[in-house]
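Below is one structure; the comments refer to it alone.
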Amino acid sequence: MSKITTGLGRGLDALIETNHLEIRGGSSINEVELNKIVANPNQPRRSFDEEALKELADSIREHGVISPITLRKNDDGTYMIIAGERRFRAAKKAGLKTIPAYIRTAKDEQVMEWALIENIQREDLDPIEIALAYQRLMEEYSLTQEKMSERVGKKRATIANYLRLLKLPAEIQLGIKEKKLDMGHARAILGSDSTEQQLALYKRVLTEGLSVRKVEELAKSPLPKAPKKQPKADFPQQTKALSEKFGRAVKISGHKISIAFRNEKDLNELIERLN
């Protein structure tokens with residue numbers, strides 16, 4: 001593993017304490033063997049576009065890795081990825097043996113936090129992945145939304161809006177992940193507390209292309225009540241007796257008696273019999 005000194009701007013690197021000396025404003029970079037690097041099991045990003053990875057691999061094959069990844073050294077001599085798993089995967093596809101990397105000293109909490117920050121800054125995560133990462137960090141390390149806001153540099157209201165997405169039905173969350181639904185529409189759908197109405201609005205957004213404002217209006221309107229189902233006839237003996245008495249089909253339903261007739265003459269005969 002060799003070291004390189006650079007004056008590159010650090011971005012996320014500025015938020016992380018390095019375990020190497022900085023020389024003239026630069027950061028120490030190492031060339032790390034790819035076969036010694038392992039993925040972070042708590043990586044907030046769950047999906048990687050294979051076509052985009054191929055394009056990045058082609059670029060790396062041509063120009064090399066421009067931006068170093070960030071690693072933490074494990075006790076067994078391997079390195080865990082803090083930030084840059086996509087570049088790591090693309091470098092492997094490109095056939096590289098080593099990759100430039102910053103080596104950091106970090107606790108498990110910091111690794112997950114930095115991975116989240118890096119992905120948010122690069123806009124690599126979908127809204128549901130961001131929401132799940134926020135939720136996991138807050139639960140595992142007993143962080144409030146205010147503390148989470150301070151840690152990742154986002155407004156508390158922004159974090160709250162992401163967390164609310166996890167209250168949506170699974171079908172809608174999947175639609176967000178697949179980019180069928182944007183954050184604006186998702187937040188509008190959350191204006192309804194009814195799961196049934198939320199799903200109905202989601203389907204209308206997909207089929208009718210409703211605007212966010214229209215969804216907001218519909219979310220505040222209660223769903224029309226379904227008509228009450230009439231109870232089934234539960235007087236079989238009486239129904240049979242009346243049918244035999246009038247010589248016609250008789251139906252008892254919902255406290256009503258219905259007697260069939262064939263034509264006007266038959267109706268007049270029925271009325272006379274009833275009289």
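Below are the figures for this structure:
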read-out	value
Scan of segment 244-275 for residues that are open to solvent by less than 100 Å² (accessible area, probe 1.4 Å) and within 60 Å of the chain's Cα centre (by Cα), ordered by number	Ala249, Val250, Ile252, Ser253, Gly254, Ser258, Ile259, Ala260
Candidate set: segment 217-243, residues that are surrounded by 15 or more Cβ atoms within 10 Å (Cβ to Cβ) and either of a type in the set (Ser, Thr, Tyr) or modelled with pLDDT of 95 or more (or both); chosen: the one nearest to the chain's Cα centre (by Cα)	Thr239
In segment 162-207, the residues that are touching a helix residue (DSSP H, G or I) at 6+ places or on another chain (Cβ under 7 Å), open to solvent by 20 Å² or more (accessible area, probe 1.4 Å) and part of a helix (DSSP H, G or I)	Tyr162, Leu163, Leu166, Glu171, Gln173, Lys177, Met183, Gly184, His185, Arg187, Leu199
Pick from segment 81-119, criterion of a type outside the set (D, E, K, R) and open to solvent by 30 Å² or more (accessible area, probe 1.4 Å), ranking: farthest from Glu51 (Cα to Cα)	Thr105
Meets criteria (open to solvent by 30 Å² or more (accessible area, probe 1.4 Å), farther than 28 Å from Ser149 by Cβ and at pLDDT 90 or above) for Lys73	no
From the options Arg156, Arg136, residue that is open to solvent by 20 Å² or more (accessible area, probe 1.4 Å) and modelled with pLDDT of 90 or more	Arg156
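The values are calculated or read from the model by the stated rules, or taken from the named source; none is laboratory data. Here the structure is a predicted model, which means the values were calculated and not measured. Ideal geometry is used to build each Cβ from the backbone, glycine not excepted, and the neighbour counts take in all protein chains shown. Heavy atoms of the whole protein, side chains included, go into the accessibility calculation; ligands, DNA and RNA do not. Shrake-Rupley method; radii C 1.70, N 1.55, O 1.52, S 1.80 Å.
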